[in-house]
Amino acid sequence: GGSDSPSTESSAPAACETTTSVKLQLQWFTQAQFAGYFAAVDQGFYAAQCLDVSILEGGVDIVPQQQLADGAVDFALSWVPKALASREAGANIVDIAQIFQRSGTLQVSFKDKGITSPADFAGKNIGNWGYGNEFEIFAALTKAGLDPAADVTLVQQSFDMAALLAGDIDAAEAMTYNEYAQVLEAIDPATGKQYTADDFNVVSYEDEGVGMLQDAIWASGERLASDAVYKDTATKFVAASIQGWAFCRDDPQACADIVVSKGSKLGASHQLWQINEVNKLIWPAAGGAGMIDADAWDRTAKLAQETKNLEGSTVLTAAPDAEAYTNEIVTAALAILDGLDVDTKGSSFAPIDVTLNEGGA
Amino acid sequence: MTTVATIKKNRETVRRVRRAILFVVSLLFVAVAWELYKAVGPEAGGKIFGWKLLPRSNNNAMPHVWDMLMRYNRPELRGSDRKIWSVVLAGAWFSFRLALVGFAIGSTLGLGLSILMARFKIAERGILPYLVVSQTVPLIALAPLVVSWGGKLHIAGWTWPRWMSAAVLGAFLAFFPVAVGALKGLTSAPLASHELMDSYAASWWQTLRKLRFPAAIPFIVPSLKLAASASVIGVVVAEISTGLKGGIGRLIIEYAREATGDPAKVFTAVFGAAALGLAMSGLVTLADIYMMRNRPKEASA
Amino acid sequence: MSAIEITNISQAFNLGMSNQVDALTDINLSIASGEFVSLIGPSGCGKSTLLRLIANLLVPTSGAIVVNGKSAKQARLDQDYGMAFQQSGLFEWRTVAKNIELPLELKGWDKTRRQARATEMLELVKLSDFANHFPWQLSGGMQQRVAIARALAVHPSLLLMDEPFGALDEMTREHMQSELLSICRASGTTVVFVTHSIPEAVYLSNRVVVMSPRPGRVAEIVDVSIEGERNDATRDNAVFFQRITAVREALRGVEMSDHVRGIEDR
Amino acid sequence: MSAIEITNISQAFNLGMSNQVDALTDINLSIASGEFVSLIGPSGCGKSTLLRLIANLLVPTSGAIVVNGKSAKQARLDQDYGMAFQQSGLFEWRTVAKNIELPLELKGWDKTRRQARATEMLELVKLSDFANHFPWQLSGGMQQRVAIARALAVHPSLLLMDEPFGALDEMTREHMQSELLSICRASGTTVVFVTHSIPEAVYLSNRVVVMSPRPGRVAEIVDVSIEGERNDATRDNAVFFQRITAVREALRGVEMSDHVRGIEDR
Amino acid sequence: MSSRSLSVIRSVLPPAVFGVAFIAAWELVVKGFNLKPYFLAPPSKIWQKFTENIDLIWGAAKVSGTNALIGLLLGAFLGMVMSFALSRFKFLNNLITPLAIALNAVPIFVLVAVLNNMFAITSEVPRRIMVTLVVYFIVLVNVAKGLTQVIPTHVEMMKSYAASDTQILCKVRIPNAVPYLFTALKISAPASVITAFVSEYFGGSQNGLGSRITSNIANSKNAVAWAYVLGACLLGLSFYMVSSLLEGVATPGGRAKRTREDR
Ligand SMILES: Nc1ncnc2c1ncn2[C@@H]1O[C@H](COP(=O)(O)OP(=O)(O)OP(=O)(O)O)[C@@H](O)[C@H]1O
Ligand SMILES: Nc1ncnc2c1ncn2[C@@H]1O[C@H](COP(=O)(O)OP(=O)(O)OP(=O)(O)O)[C@@H](O)[C@H]1O
Ligand SMILES: [Mg+2]
Ligand SMILES: [Mg+2]
């Protein structure tokens, strides 16, 4: 039908002869980390592309890229190293848009522990989440000349940051947009007031040069190669998603409200903080949002091959093949968005100031 | 005569009321103990005999009982008008239905297996070790398989709903105690009764129905109690691990992430799960009372 | 045709172990169809064991048993017999009536027919009022009567009864004896009957088999041969007393030798 | 002093329910110390129930029981009596010897003393060879003898026995009867004894209590009063036969009325 | 052939045949449907990883196994003591049982998270407490039933000896509860193992089987993860076999013989 005309100006779904159903698998629960997709649903960006997108939340044992490879969903979000590991294990999945251009992982510690760089981890209890989210820590340790198995005590963190606040662990893994906010929302029993950024030291893996690529949109390699309709859907999906992210960049408050209305559990100020921090990971995007930067890709792949974990194994045993990512889709998607006058670079992006309330409320 | 009957009935009611009161008392007792410990226990935990066995008593680790209770009556999120108790109640109801399905599947499967094993010695030798093994396979390794294979199942227009995976995982935990307990029970009838059935040339199935099964009931009942708890756990865990929304498991993990700033919140959901377990085994207890109503009881002299 | 043909039967428990018990040795016995045979002998001499062997609930260590012209096993599978055990063996989860209906259920009788038969049997054993009681609500003798009713309910062609009237008072016992006799007479049932009461054995039986104690053997077979129908008059019959004495003497004989041997053993 | 004083005892089961059973009504009975009293009556008339009441295993619906000058409960707690149940009630997980030792263990006897007594009792019931067998390896009569040995092992001052010899053959029974009498004579034991055998009741007892069927009542008390020691000669005594007839007649009386009533009931 | 070796063959052969058939079917399914390793690894691959990582697996199994064992022993002990107490003091029953059920209905790792906050995330105590709780419940439910499901005549008899409730407990109820206890132990054996490593899922030292399994699955190293699962299986199976052996030893008088062995 006519729906494949990329220059459709009308955003009215009525213009579509047919709508394509699309399932997107998130890594985790509804929160502002995925605000762009929720915004795209809410604002009708997907509908304008004749897509009917349903967003599936993640679970502890749901590995999104496996859901994708099994054909249970059409697209999945995943961190790059983990997805590459699945690819190495036979899952034919392809990175078609690198939404987060930077890593948002931190290692947070109380000021008095004096942990300002990975070298200071030596002899400390170092928290991490496990579940494949710990490789940046290993990379940083390796880079600092420390042996993960001997020089530090690695401790898996619970769902919350209580272990850090209680002093069980000296430095906790935290995402800028989530767990870091949680400690800032907590009350310092000594003062009776919320903790402030001044109470903590923060090591940023991105700044330490061991950041790995995180949230990306993955598609089925097999279907991309054989199914033109799917490929077209992918393009539209990426386009509308980026449009959603652009919306969130321009109106973080509206975006946070959308996420809260979708049933996210952490509070409103937390979601606003989160969208603001996530924006920092996406914008500005020099080559256009979603473009995969070859340098960052290679660095991620290299770290994934070289960093040994506690068991002495690495994420990847060989370099990922060239088909593991493609900029073809995102390029076409950006072209659609250009036609819609959407700013896909965000060069003038400036984060806002967010005040976290107690408990994130 | 009728008055005696009424007295008896009244006595029964009195017993039930007393039991309910005792339960409340025991809850109060725990609450008081909790608060007492908070009052005297070390804020940062402590050691006995060099073991770190004393828990921390601070408000993050052990919120005040009233804080937890009050939390039920406050909105789930600021600005939302849904009180937590209604959210937890809805979640518990959702999970309860799943657990019921899991329990039904699991106990049927467990019974079936136990019958198979009671029937064929060789099956017992062949299967039992693997049933044991199956229980040591963590759900985390199974959940993705079940979700993915279930998702591919389409039988005559019926598609596998996502919640079915959770129910199946509940059944996976529930079937084992039933299989083991029922197997023991099915082989527990006295030899003399078997001889009686043999003298009637009763077939194996007849013996099963008329003798083995009724004789197994005292063993099956505790198994069913375990299965009821197990199915709740299985469902709650499966909700967490498969990302199923709407149940108490989901609430627990969502609230757990907020424990840093709102430690009382997660307890509201945890208590919800506990209540769920109580409801399930309450059902089994009712079944127990019904099934054992005609068995000889100890004289209460 | 003989209903039961027992040839060279021996039975040992815990064979080859230190606590081996030779329950029966070299039993030969032939029971005619329609005959009423009682087994009598000291406690532990193997009467119940012999009954179990005939019923194919035990497989003999050696020897052969033929029942109604077929193997004991086949006879069991064909449900040729009814059995009343020494312990009543009622199912505690079934009411009295349901216990009696059990063998009928297994025969596939429909419900109304079963209930009619159960009611009939309950009247026979005088327990109509207790149809809906559970076994543990009955006295010892009442339980035993339920077990008898259960064994008689199917009208088997061969009845094996192990001290069925042991827990009954004299009058109920006599009532049950007459009922049993009239049932057997009417249907030509063959009965093997274990009892400790010599008058009972003589009153009921065509022949009384006296067994000697461990290892159980057939010590003597007393032919009762009282003419005519047995009834209350029989109990005052001179022949009746004569037979009782014969059995008693046979029994004393085997028991004395047991006691003497018992002393020698020490 | 009377050992047992029973006043206006009534016992109903399932009180107030549709299936109420009036097991006993208005029982009055006084048993002197050292006396041997037998209870006899039709099946289900409440003999076992009465024994249970004396032993304080049941609490009467109404009425009072005084044992050895104290309440039945106190007497039980003081371990004044030994009891042999109608069902042997042996523990399947204990050997024969260990079953007999059980009450001795509870009295806190030491091991050697216990074993000596168990050996002695096993000889008494002629089961020395079976000390290390388990109950299910014994015949019915042998199990019953173990239960008797267990009841006698503690030498209680009051013995309650419920059809203890029901499954024994005539000779073993007579042997046990004499043993029981000589034990009681030697130690002045009071015995309440349930039996269905009229000769046994008369032979053993000072008085025979004849009970009427449901609701159980004391119909008649037959004073046996045979002079001198009981021994084999007693069984040929004319008084003995006379008493037997008396008891039998009393029993027929109550049973006939039962039967007539039974017919009316329908 | 001696009857002894025959009986060994009889007891080993069926599980072996079944196991081989199962593994072969698994292997065939994986190969036949060309299932990718990220989805399901073939047994041959798992075995290979198992042998390659045997040291690591053994080390991790020791950590989780110790937790499981301590919890199993403690839980069985407490469960028995508590059910004795419950049968002895009836009113406790109404007090304790609902609490035990409630506690047991809370999923393991949630309780562990709560316990982790109460103790310390680096401590093994919460995990052991968790196993203890699970085993305790299983034992309590079964043994409590066994203690009450006695033959009434036996209790009457003991009462006629003026036996105290404690004596009735020791001489009648406990022997009667033995088969129930072993049923409970057999259920507990695998339960203790899985509880021990499930309590590692969300926090604590990363040295046990549980954390290894999760991190390998998250990294799509399915074969390695299943190799650890295999280690867990062996651990659970050995616990089970020990309880089975104990049952044989502790069942006096070959009571099993009283019931029908199938022919
Ligand atoms: N399962 C068994 N294991 C070992 N020995 C047994 C078993 N069953 C019976 N016996 C032994 O076999 C012998 C005969 O037992 P049986 O029950 O046939 O005696 P009985 O003649 O019926 O005696 P009673 O009149 O006392 O019932 C006894 O010595 C008994 O100990
Ligand atoms: N637990 C009970 N529940 C209800 N009824 C009972 C119970 N125990 C006994 N009965 C009834 O009480 C009556 C008397 O029973 P009991 O056992 O005392 O009789 P008995 O005189 O010992 O008879 P038998 O000579 O047959 O042993 C019977 O009708 C019986 O059904
Ligand atoms: Mg016998
Ligand atoms: Mg009685």
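What follows draws every value from the coordinates through simple rules; no lab data is involved. Nothing here was measured: the structure is a model prediction, and the numbers come from that model. Cβ sites come from the backbone with ideal geometry, for glycine too, and all protein chains shown count toward neighbours.
Within chain E, the selection of entire DSSP H helices by a Cα span of 18 Å or greater along the long axis and an average Kyte-Doolittle value of at least 0.0 returns E:3-32, E:54-88, E:90-105, E:125-148, E:174-198, E:222-250.
A dipole drawn for the protein assembly as shown from +1 and -1 charges on Cβ atoms has a positive end, and of E:134, B:118, A:65 the residue lying farthest that way is B:118.
Distance to the C-onto-D rotation axis is smallest for one chain C Cβ; residue and value in angstrom are C:166, 3. Rounded if a/c is under 1.5, else prolate if a/b beats b/c, else oblate: with a ≥ b ≥ c from the C-alpha gyration tensor eigenvalues square-rooted, which is chain E? Since a/c reaches 1.5 but b/c is at least a/b, the shape of chain E is classed as oblate. The dipole here belongs to chain C: it is taken about the Cα centre, uses +1 on the Cβ of Lys and Arg and -1 on the Cβ of Asp and Glu, and is about 660 debye. Evaluating 6.51 cos²θ - 1.76 cosθ + 1.60 at θ = phi - 60° for every residue in the range C:214-224, the Karplus couplings come out as 2, x, x, 9, 7, 8, 7, 10, 9, 7, 7 Hz, glycine and proline recorded as x. Here is the size of the protein assembly as shown from its Cα atoms: Rg then Dmax, 40.3, 131 Å.
Anisotropy class assigned to chain A is oblate, per the alpha carbon gyration tensor with a/c at or over the 1.5 cut-off and a/b no larger than b/c. Label points for residue C:221 are taken 7 Å from Cα along Cα→Cβ. From this copy to the others they lie 5.2 nm apart, shortest first.
Computed about the Cα centre, the dipole magnitude for the range D:86-155 is approximately 120 debye when only Lys and Arg (+1) and Asp and Glu (-1) carry charge, each at its Cβ. Positive end of the dipole of the range D:86-155, charges at C-beta (+1 Lys, Arg; -1 Asp, Glu), about the Cα centre: which of D:137, D:96, D:106 has its Cα farthest in that direction? Value: D:106. Computed from backbone phi with θ = phi - 60° and the Karplus coefficients 6.51, -1.76 and 1.60, the 3J(HN,Hα) list for the range C:89-94 is x, 7, 7, 5, 8, 10 Hz; x is used for glycine and proline.
Sorted from closest to farthest, the other copies place their residue D:113 label points 6.6 nm away, with each point set 7 Å from Cα along Cα→Cβ. Shortest first, residue D:182 label-point distances to identical copies amount to 4.7 nm, with the label point at 7 Å from Cα along Cα→Cβ. Residues whose amide H falls under 5 Å from that of residue C:193, counting only those 5 or more places apart or on a different chain, are C:37, C:38, C:39, C:161, with hydrogens built in the peptide plane. At 222 nm, what helix-only mean residue ellipticity would chain A give, in deg cm²/dmol to the nearest 500, using -39500 (n - 2.57) for each DSSP H run of four or more? Here the helix-only value at 222 nm equals -10000 deg cm²/dmol.
Would you work out if the range A:126-282 is rounded, prolate or oblate? Take a ≥ b ≥ c from the square roots of the eigenvalues of the alpha-carbon gyration tensor; rounded if a/c is under 1.5, else prolate when a/b is larger than b/c, oblate otherwise. In terms of gyration-tensor shape, oblate. The H on the amide N of residue C:23, modeled in the peptide plane, is under 5 Å from the matching H of C:11, C:12, C:13, each at least 5 residues off or on a different chain.
Volume per residue of the convex hull around the Cα atoms, evaluated for the range E:45-186, comes out as 139 Å³.
Ordering E:153, E:18, E:84 by Cα displacement along the dipole of chain E toward the positive end leaves E:153 in first place; charges were set at the Cβ atoms of Lys, Arg (+1) and Asp, Glu (-1).
Annotation note: GluC sites (Glu not before Pro) in the range D:125-232 located in DSSP loop regions with a Cβ neighbour count of at most 13 within 10 Å are D:227, D:229. Taking Cα pairs under 8 Å and at least six residues apart, what relative contact order does chain E come out at, in percent? Across chain E, relative contact order equals 26 percent. Computed over the alpha-carbon pairs of the range A:235-361, the distance histogram in 5 Å steps reads 2, 10, 15, 15, 14, 14, 13, 11, 4, 1, 0 percent, short to long.
With contributions of -39500 (n - 2.57) from each DSSP H run of at least four residues, the per-residue ellipticity at 222 nm computed over chain E stands at -26000 deg cm²/dmol. Between residue C:179 and residue E:238, the modelled label-to-label distance comes to 6.5 nm, taking each label 7 Å out from Cα in the direction of the beta carbon. Taken over chain C, the percentage of Cα pairs per 10 Å bin, counting from 0 up to the bin with the maximum distance, is 7, 28, 34, 23, 7, 1, 0.
Karplus-based coupling profile of the range A:310-322, in residue order and whole Hz: 4, 8, x, 9, 10, 5, 10, 9, 9, 5, x, 6, 5, with θ = phi - 60° in 6.51 cos²θ - 1.76 cosθ + 1.60 and x standing for Gly or Pro. Note on the protein assembly as shown: with charges restricted to the Cβ of Lys and Arg (+1) and Asp and Glu (-1), its dipole about the Cα centre is near 3560 debye.
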